[in-house]
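Enquirer: My questions will all concern the structure given below.
The values are calculated or read from the model by the stated rules, or taken from the named source; none is laboratory data. Keep in mind it's a predicted model, so treat the numbers as computed, not measured. Methodologically, a virtual Cβ is constructed for each residue, glycine included, from the backbone with ideal geometry; neighbour enumeration extends over all protein chains shown.
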């Protein structure tokens, strides 16, 4: 009887742990609005800059791209975003990019 209870407890904890891990990935998806809000907090964007940058990210997220295409397209978006910024904002944006945690590539 003790073995059955122990195995049931282990199974229940395993399922709960796996469920928590699978839900964690969904929180990482960001919207264009969230990205622009973060940029606005750090760069003090104008209303016009917010609209233009939101449009850039919205277009980017609508595209169905492979991993390599996505990487290239994101670099293009970052160049366009940089072109919309003032010199002071560009410096802060470059600093933000340097401080961004780098993903480990396999």
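Enquirer: What do you reckon, is residue 91 surrounded by 10 or more Cβ atoms within 10 Å (Cβ to Cβ), modelled with pLDDT of 95 or more and either under 13 Å from the mean Cα position of the chain (by Cα) or in a helix (DSSP H, G or I) (or both)?
Expert: no
Enquirer: Can you confirm whether residue 97 is outside any loop (DSSP other than H, G, I, E, B), within 17 Å of residue 35 (Cβ to Cβ) and over 17 Å from the mean Cα position of the chain (by Cα)? Full working, then the answer.
Expert: Values: outside any loop (DSSP other than H, G, I, E, B): yes; within 17 Å of residue 35 (Cβ to Cβ): yes; over 17 Å from the mean Cα position of the chain (by Cα): no.
Taking the combined requirement at face value, the residue does not satisfy it.
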